[in-house]
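Asker: Once you've had a glance at the structure underneath, I'll fire off some questions.
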Amino acid sequence: MSDAGYTLTPIARIRSEFKEKFGIPRQSGLVEALRARVVFEPAFRRPEALRGLEAYSHLWLIWQFSQVVAEGQDGANWRPTVRPPRLGGNRRMGVFATRSPYRPNALGLSCVRLLGVEPAGPEGPVLTVGGADLLDGTPIYDIKPYLPQVDAHPGAAAGFSGPAAAHALALRDPGRCLDALDPQTREALCGVLENDPRPGYQQDPGRVYGLSFAGWAVRFRVEGDTLTLLSVRWEG
């Protein structure tokens, strides 16, 4: 067997509401209200490649942490341990015991809900998916159907991520900032905020955080387990 490397070719790119890393849910499926589109690259815009896909409810997306690659923090610069944000950023765990983006090949894996298959639009075949945790423009290397009979293991151990997954914030909107958003965007943004986008080591109640989502600039504070919206302003 050859030890030579293998070159991956992007087959598609995601179109999502996230133009920056801050605010992206830490796992897929945490915010089901999120909507994204999978747009295929020209060489892969073949409707027959999607034949039968509409019969599935969920998909696996295999993709690249492209911003990490652009920053030169993967590959030869990988480290055997990382500091998971949900553990406060002060405990090291083995990189292969985490889903950290800082790994040898910078590959991500997401399970998303398939909401629609458009076989022949202006951009060729397009998939609409829910619950995606990908930055806008992320390259996708493969798409596979989720098979509940073999992919789901309800009794599986969650390791150190189990207690961290239960963390959630109560959302306050005293100025009714959310009224400016359409219902779909409002539901998705609320899910993002309730899942606490802050790094685990940032606990300053006086700090004002800024988040860009679906063209809106969102500012908020967090004290204890309560997030208070300060403003939601359209930035285009």
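The values are calculated or read from the model by the stated rules, or taken from the named source; none is laboratory data. None of the values given here were measured: they were computed from a predicted structure. Note that each Cβ is placed from the backbone with ideal geometry, even for glycine, and that neighbours are counted across all protein chains shown. These accessible areas exclude ligands, DNA and RNA; they are computed on the full protein's heavy atoms, side chains included. Shrake-Rupley method; radii C 1.70, N 1.55, O 1.52, S 1.80 Å.
Asker: Go ahead and collect, in residue order, the members of the range 123-166 whose backbone nitrogen is under 19 Å from a label point 7 Å along the Cα-Cβ direction of R51.
Answerer: 124-127, 143-145, by backbone N distance to the label point.
Asker: In sequence order, what are the phi-derived ³J(HN,Hα) couplings for the range 5-19 according to the Karplus relation 6.51 cos²θ - 1.76 cosθ + 1.60 with θ = phi - 60°, rounded to whole Hz, with x for glycine and proline?
Answerer: Listing the rounded values in order: x, 10, 8, 9, 10, x, 9, 7, 9, 8, 10, 10, 8, 9, 9 Hz.
Asker: Stretched out fully, how many nm does the piece from T81 to R233 gain, at 0.36 nm a residue minus the Cα gap?
Answerer: Difference between extended and current length: 50.8 nm.
Asker: Can you give me the % of accessible surface on the chain that is carbon or sulfur? Probe 1.4 Å, all protein chains present, nothing else counted.
Answerer: Answer for the chain is 52 percent, counting heavy atoms of protein chains only.
Asker: Further question: If you take the square roots of the eigenvalues of the alpha-carbon gyration tensor of the range 132-236 and sort them as a ≥ b ≥ c, do you get rounded (a/c under 1.5), prolate (a/b over b/c) or oblate?
Answerer: In terms of gyration-tensor shape, oblate.
Asker: A further question on this structure: Report relative contact order for the range 7-50 in percent, whole number only (criteria: Cα-Cα under 8 Å, sequence separation at least 6).
Answerer: RCO, the range 7-50: 55 percent.
Asker: While we're looking at this one, here's another question. Identify, among T7, P80, F40, the residue whose Cα sits farthest towards the positive end of the charge dipole of the range 1-93, taking +1 on the Cβ of Lys and Arg and -1 on the Cβ of Asp and Glu, with the dipole about the Cα centre.
Answerer: The one lying farthest along the dipole's positive direction is P80.
Asker: With only Lys, Arg, Asp and Glu charged, each at its Cβ (+1 for the first two, -1 for the last two), find how big the charge dipole of the chain is about the Cα centre; round to the nearest 20 debye.
Answerer: 500
Asker: Subtracting the Cα-Cα distance from 0.36 nm times the residue separation, let me have the gained length for D142 to H167 in nm, one decimal.
Answerer: 5.9 nm
Asker: Ok, one more. Using mean Cβ contacts within 10 Å as the protection proxy, how do 220-231, 142-153 order, highest first?
Answerer: The packing order, highest mean first, is 220-231, 142-153.
Asker: Among R113, R35, R172, whose mean-square fluctuation peaks in a Gaussian network model of the chain (Cα, cutoff 10 Å)?
Answerer: Of the options given, R172 has the highest mean-square fluctuation.
Asker: Along the positive direction of the dipole of the range 91-209 (beta-carbon charges: Lys, Arg +1; Asp, Glu -1; about the Cα centre), which of P125, C190, Q203 reaches farthest?
Answerer: Ranked along the dipole, the leading option is Q203.
Asker: Compute the length gained on full extension between E223 and E194: take 0.36 nm times their separation in residues and subtract their Cα-Cα distance, giving the result in nm to one decimal.
Answerer: 9.2 nm is the gain from fully extending E223 to E194.
Asker: Starting from a Cα-only point model with no solvent, please compute log10 I(q)/I(0) by Debye for the range 20-175 at q = 0.11, 0.12, 0.15 1/Å.
Answerer: So the normalised log intensities work out to -0.53, -0.63, -0.95.
Asker: Continuing with this model, one more query. Students often get this wrong: which residues of the range 88-109 have the backbone nitrogen under 20 Å from the point 7 angstrom along Cα-to-C-beta of T7?
Answerer: 105-107
Asker: For the chain, report the accessible area per residue in Å² (1.4 Å probe, heavy atoms, rounded to an integer). Walk me through the numbers before you get to the answer.
Answerer: Details: 13190 Å² over 236 residues.
For the chain, the solvent-accessible area averages 56 Å² per residue.
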